[in-house]
Amino acid sequence: KSAPREQFTGQVGFILSAIGSAVGLGNIWRFPGVAYENGGGAFLVPYLIALLTAGIPILFLDYAIGHRFRGGAPQAFRRIKGWLETLGWFQVMICIVIAVYYAAVVAWAASFFVYSFGLDWGDDPQGFFFGEHLQLADVGGADPWLTFDFVAAVLIPLVLVWLVVVAVLAAGVVKGVQRANIVFIPLLLVAFGALVVRALTLDGAADGLNALFTPQWDALGDPDVWIAAYGQIFFSLSVAFGIMITYASYRRRRSNMTGPGLVVAFSNSGFEMLAGLGVFSALGFLALESGGTVDELGIAGVGLAFVTFPAIVSEMPAGALFGALFFGSLVMAGFTSLVSILQVVSAALQEKFALSRTAAVLWLGGVLGVVSVVGFSTTTGLILLDTVDYWVNNMGIVASAILMCVFVVWVYRRAPELRYHLNAVSTTQLGAWWYACVGAIIPVMLGIMLVQTILIRIDEPYGGYDETYLLYAGWGTVALLVVGSLVFWAFRWRGPGLYRAWPPY
Ligand code: PHE
Ligand code: NA
């Protein structure tokens, strides 16, 4: 007989943990760049529409599935329909793939937190990050694309990240996950808030904010801008790949779910706005110092955090403190997201194989930790990371969301049941509009996005990389998601089975 399910102690623990998952590296470095490239101030229109028509409705769908069926993704879907367990494992596979590279970025941020104190990057942040820190191989056309030349400066922090995250997961939902979030999320808010205030008072901040917020209204007629908005919302809220299902399953039965859901969604977007202000103020400062314009600076992706920000820090009075706040924020935001991704895997292993929490966490830490270190602490780690990240986000997560809507809403017609479940215990009531979102708007929008992405990738090789490499690292990632979910599904279910949902309808 198994122990009763773990539970968050209360609403605050749950909300902070859900915010901890949502607020991640994407808020700090992804949102400002995406907004900037897709219409500036005008981007807020598609962004808000995407939040209301897709982000929040699918967040509620995740919550409803996890809370009603009280399981990690495979168990919850299995309780909807036996074979749908495969969709749960597909989501677990997405989490596995993301976790192994996300941990590496958290580890880089931890190193840069330390480097900040001595401004170790000197006057060549670009050479320092790619050369000295990552020791990136010279990969013309991404060949050779996989080396086993390990880089100690990456490997050691990465091993430490895995040890800490395993310790947190092993301590359980209350003493591990919830506690980490109760400590880190308020601390993150203070650290990042201080950073934004400092950035806003820098010379040139106004120019940076103008560069970000000056609206290009014609962008609203560009379908790519709308696709970017829906993509940003999905990634940013961490919906549709098992995380919110898993966290909701640890929420006490008679709990308000939609109220906290709105708090989480708006906190996440608020944090993105905050990041937009901070990042672009700082970019305005750097542009002024270097006598150029914001448009000439490196704004997207890893370059923003690990090259451009160090350059800013070096130019500033008391820059070391600013750098420590920035990289400290990245570590906290990233770590709490990493915890949530791995809790999905831990819950799934516990439930399917009737493992104790400790056993599940040790398996997961042992296998994934090794894969993560072998794949991402070598001289080709960054290239693999970039490729896998693109495929899993733009194809894996999007496909997962579409499948959820198709099977849960259309094929097995569970939307009314899930709606009444939430309404019975929640303050904000879901109306029929919710059916329109999860039944039509989301699958249609995402369907268009997925087809577009696939066509583009068939047309031109991603990042200009070698095609054979992309076949393995990119399309291979998709194959891994599918094969992995079938393999896990094939094992016999050893955990708890029959279940009476509550409240009963
Ligand atoms: N939502 C997180 C962010 O905005 C990203 C994330 C991705 C979190 C994957 C968990 C899992 O950065
Ligand atoms: Na986010």
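The values are calculated or read from the model by the stated rules, or taken from the named source; none is laboratory data. Computed from a prediction, not measured in an experiment: that's the story for all the values here. Counting neighbours? That spans all protein chains shown, and the Cβs are built from the backbone with ideal geometry, glycine included.
Scan segment 224-251 and report the pairs whose first residue is free of Cβ contacts under 8 Å to residues at least 60 places away in the same chain and whose second residue is away from ligand 2 (no atom under 15 Å from the Cβ), with Cβ atoms within less than 7 Å and a gap of 6+ or a chain change.
Qualifying pairs under 7 Å: none.
Within segment 287-341, work out how many residues are within 16 Å of ligand 1 (Cβ to nearest atom) and over 18 Å from the mean Cα position of the chain (by Cα).
Here the count works out to 2.
State which residue is nearest to Ala399 (Cα to Cα) when the search covers only segment 440-477 and only residues that are under 24 Å from the mean Cα position of the chain (by Cα) and of a type in the set (Gly, Ala, Ser).
This residue is Gly447.
Scan segment 155-188 for residues that are buried (at least 17 other Cβ atoms within 10 Å of the Cβ) and touching a Phe, Trp or Tyr at 6+ places or on another chain (Cβ under 8 Å) and jot them down.
Result: Pro157, Leu158, Val161, Val165, Val173, Gln178, Ala180, Phe184.
Are there any helices (runs of 4 or more DSSP H) wholly within segment 187-295 with 3 or more residues that are at pLDDT 95 or above and within 16 Å of ligand 2 (Cβ to nearest atom), and if so which?
Hits in segment 187-295: 243-249, 258-290.
Are any residues in segment 1-40 of a type outside the set (Ser, Thr, Tyr), more than 16 Å from ligand 1 (Cβ to nearest atom) and closer than 28 Å to Ser281 by Cβ, and if so, which ones?
Glu37, Asn38, Gly39, Gly40
Which one of the conditions (1) part of a helix (DSSP H, G or I); (2) of a type outside the set (Lys, Arg); (3) at pLDDT below 95; (4) surrounded by fewer than 23 Cβ atoms within 10 Å (Cβ to Cβ) does Thr428 fail to meet, given that it meets all the rest?
(1)
Regarding Ser236, is this residue within 16 Å of ligand 1 (Cβ to nearest atom), touching a Gly at 6+ places or on another chain (Cβ under 8 Å) and of a type in the set (Gly, Ala, Ser)?
When the stated conditions are applied, Ser236 passes them.
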